[in-house]
Amino acid sequence: MSELLEQTESNGQTATADQADGSGNEPIKKVSVIISKGSLEGIYPGLIMANGARMEGIEASVFFTFFGLDAINKSKHENVKVSTVGNPGLHLATMVGGLPGVSAMVTKKLNAEMEKLDIPPIPEFIEMISDSGAPLYGCKASVDLFGLSSDDFIPQVNDIITVGEFYDYAAGGQIIFT
Amino acid sequence: MSTATYAGTAVEVDDEGFMTDPDQWNEQIADQIAAENGIDQLTDRHWMVVNYMRQSYLEEGSAPSIRTLGKASGVPIKELYQLFPKGPAKKAAKIAGIPKPRGCI
């Protein structure tokens, strides 16, 4: 599990683009992060990339699609779990990962480790990112597919948008798919 | 490592202009670093953040995360980004005369 944390940490650092490094590369000015997965390990990397971008003074937005919508769903965002089945990074026997309570236990442990590193829980993290000035968007196709409406989402969500609108808003920046 | 001159004092800085020896810092230096980083006037709200940052570094040996800064400095995250538009934790650290924060959060 600490390996997972190290990975997401180093991912955060790759967002550093405060100034030209002498190679003539243009610093990154804008990123649009897509979060498409609903597991804990599927949601955090995108949040860390978006928050990290804002901390570097880079413009950022986050687009939640498919099960990634759970991260902004009022009734689900406090109960996001680590996926313990089919997750080779955990080095758990597949059948053990499927036993009742294992996902909850692994999630609890990982959450505790993250708290030690001052990484906030998902609801607080998303509020922080919104407060940093990064707009949050839900994917219209996914919202329709799951029969949801804007009332199902946390108030920080700016809008439910189409893919076309996403590309409009992402114009001139980098797109990060997670 | 190189030196920069702020408010008539030569101080040691890293490649990005972060001071490497917090003891060389004073408030006049802070004013000048702020001005060079697009903050013309340090208000009381700026100083709350800068002082918290500095105190926290001197006590803990590392700069606080943006989360801790938002909770404990007395200035909420939304306002932090308004006070220090191009990245609050880094800019406040630079003005506070402490090394560049290394955290990802």
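At a glance:
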quantity: Residues being in a loop (DSSP other than H, G, I, E, B) and within 11 Å of chain A (Cβ to nearest Cβ) - total across region B:51-105; calculated: 14
quantity: Filter result (more than 11 Å from chain B (Cβ to nearest Cβ) and hydroxyl-bearing (Ser, Thr, Tyr)) within region A:41-67; calculated: A:Ser61, A:Thr65
quantity: Only one of A:Val157, A:Val143 that is part of a loop (DSSP other than H, G, I, E, B) and surrounded by 13 or more Cβ atoms within 10 Å (Cβ to Cβ); calculated: A:Val157
quantity: Which numbered condition A:Ile119 misses (of (1) at pLDDT 95 or above; (2) within 14 Å of chain B (Cβ to nearest Cβ)); calculated: (1)
quantity: Residue in region A:84-93 that is closer than 26 Å to A:Gly173 by Cα, of a type in the set (A, V, I, L, M, F, W, C) and part of a helix (DSSP H, G or I) present; calculated: no
quantity: Per-region count, region A:28-42, residues touching a strand residue (DSSP E or B) at 6+ places or on another chain (Cβ under 6 Å) and either under 19 Å from A:Glu124 (Cα atoms) or not β-branched (Val, Ile, Thr) (or both); calculated: 5
quantity: Which listed residue is more than 11 Å from the chain's Cα centre (by Cα), surrounded by fewer than 21 Cβ atoms within 10 Å (Cβ to Cβ) and under 24 Å from A:Asp118 (Cα atoms), from B:Gln24, B:Gln28, B:Gln41, B:Gln82; calculated: B:Gln82
quantity: Top-ranked residue in region A:52-90 [being among the basic types (Lys, Arg) and farther than 22 Å from A:Phe166 by Cα; ranked as surrounded by the most Cβ atoms within 10 Å (Cβ to Cβ)]; calculated: A:Lys81
quantity: Filter result for B:Gly38 (under 22 Å from B:Thr3 (Cα atoms) and not in a helix (DSSP H, G or I)); calculated: yes
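The values are calculated or read from the model by the stated rules, or taken from the named source; none is laboratory data. Nothing here was measured: the structure is a model prediction, and the numbers come from that model. Don't worry about glycine lacking a Cβ; one is built from the backbone with ideal geometry, like all the others, and counts go over all protein chains shown.
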